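The values are calculated or read from the model by the stated rules, or taken from the named source; none is laboratory data. In this text, all values refer to a predicted model and were calculated from it rather than measured experimentally. Positions of Cβ are backbone-derived with ideal geometry, glycine not excepted, and every protein chain shown enters the neighbour counts. When the accessible area is computed, the model is the full protein with side chains, heavy atoms only, and any ligands, DNA or RNA have been set aside. Shrake-Rupley method; radii C 1.70, N 1.55, O 1.52, S 1.80 Å.
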Amino acid sequence: LYNIDERKKMEEEISRLAEFQKIMLDGTDYSIISTTEPDGIITSFNRGAEKMLGYKAEEMIGKTPAILHDPEEVEARAKQLSDELKIEIKPGIDVFHLKSRTQLSSDSNEWTYIAKDGTRIPVELTITTLRAPDKTILGYLGIAKDISESKKVKEALMLAKEKAEQAVIAKNSFLANMSHEIRTPMNAIIGYTELLSQSKLDEDQREQIGYVRIAGQNLLSIINDILDFSKIESGKIALESVPFNLKEALK
């Protein structure tokens with residue numbers, strides 16, 4: 001007689017592990033799709049993929065994932081891979097599997113999934129080559145994460161950054177224009193005080209004119225500093241080395 005107890009136990013264990021694997025795959029919101037080698041026929045389509053894409057597993061098993069992808073993206077990726085690897089890669093299943101298969105590591109890229117209702121879903125798709133202990137390729141596993149929200153956040157940050165940069169440019173332009181506009185009348189005021197100080201004045205008048213001239217020079221120095229700050233922020237500051245009187249500067 002043939003003892004089938006061990007065989008039944010093994011079949012039960014395989015069944016239990018398969019059921020456990022299914023529970024794990026269906027317990028995530030990630031889209032998990034496995035395909036065959038070399039033709040890329042879908043063999044499993046988890047609940048996360050159903051939820052994300054709107055297809056039922058029975059609708060997709062036995063087909064290829066081509067229906068889920070934008071043909072223009074696939075063609076662009078084929079060209080990119082061809083340029084990168086210096087070999088001709090035609091649009092097709094190799095676009096997804098080649099790097100994972102040849103580099104013995106997972107390959108992650110951003111793709112656009114097309115749901116059953118036509119919705120375009122940006123995803124980060126990681127392809128892993130499934131191998132037997134003897135390194136024979138059994139198929140491929142594609143795990144996709146919906147990155148719609150992170151892309152919206154990234155786009156919002158980019159927009160905020162652009163607006164901030166535009167605000168800085170506008171501020172620098174205003175400061176530069178204002179500094180130039182104020183400098184012109186200030187130079188006139190300082191010039192006329194110089195001329196006035198050379199005229200016939202009594203001691204009090206000469207002292208008062210001196211105060212006006214010093215105040216005007218101080219104000220002009222502040223205006224120049226404002227212009228320098230705007231130049232620093234815009235990266236246009238030019239440093240120069242000139243002699244100066246330290247005692248006068250401190251005074």
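Does at least one position in region 149-158 carry a residue that is within 26 Å of A49 (Cβ to Cβ) and of a type outside the set (D, E, K, R)? Yes, some residue in region 149-158 is within 26 Å of A49 (Cβ to Cβ) and of a type outside the set (D, E, K, R).
Would it be correct to say that G142 is surrounded by 12 or more Cβ atoms within 10 Å (Cβ to Cβ), small (G, A, S) and closer than 30 Å to I41 by Cα? Spelling it out, G142 is indeed surrounded by 12 or more Cβ atoms within 10 Å (Cβ to Cβ), small (G, A, S) and closer than 30 Å to I41 by Cα. Residue count for region 223-248 under the criterion of being out of contact with any helix residue (DSSP H, G or I) (no Cβ under 7 Å at 6 or more places or on another chain), at pLDDT below 85 and among the aliphatic types (A, V, I, L, M): the result is 3. Number of residues in region 71-122 that are farther than 21 Å from I137 by Cα, without any contact (Cβ under 8 Å) to a residue 24 or more places away in the chain and aliphatic (A, V, I, L, M) equals 6.
Of all positions in region 113-133, none carries a residue that is over 30 Å from Q80 (Cα atoms) and among the acidic types (D, E). Residues that are open to solvent by 50 Å² or more (accessible area, probe 1.4 Å) and charged (D, E, K, R) within region 58-72 comprise E58, E59, K63, E72, listed in sequence order.
Listed conditions (1) over 19 Å from F45 (Cα atoms); (2) touching a Ser or Thr at 6+ places or on another chain (Cβ under 9 Å) are all met by E72, apart from (2). Consider region 90-106 and keep the residues that are surrounded by fewer than 18 Cβ atoms within 10 Å (Cβ to Cβ) and of a type in the set (S, T, N, Q). The one that is nearest to the chain's Cα centre (by Cα) is S106. For I169, the conditions (1) modelled with pLDDT under 85; (2) within 16 Å of the chain's Cα centre (by Cα) all hold with the exception of (2).
Screening region 140-251 for helices (runs of 4 or more DSSP H) wholly inside it with 2 or more residues that are on the phi < 0 side of the Ramachandran plot and of a type in the set (V, I, T) returns the ranges 148-197, 203-233. Within region 107-127, the residues that satisfy the criterion of being open to solvent by 60 Å² or more (accessible area, probe 1.4 Å) and of a type in the set (D, E, K, R) are E110, K116, D117, R120, E124.
Of the numbered criteria (1) touching a His at 6+ places or on another chain (Cβ under 8 Å); (2) closer than 18 Å to S34 by Cβ, the one I137 fails is (1).
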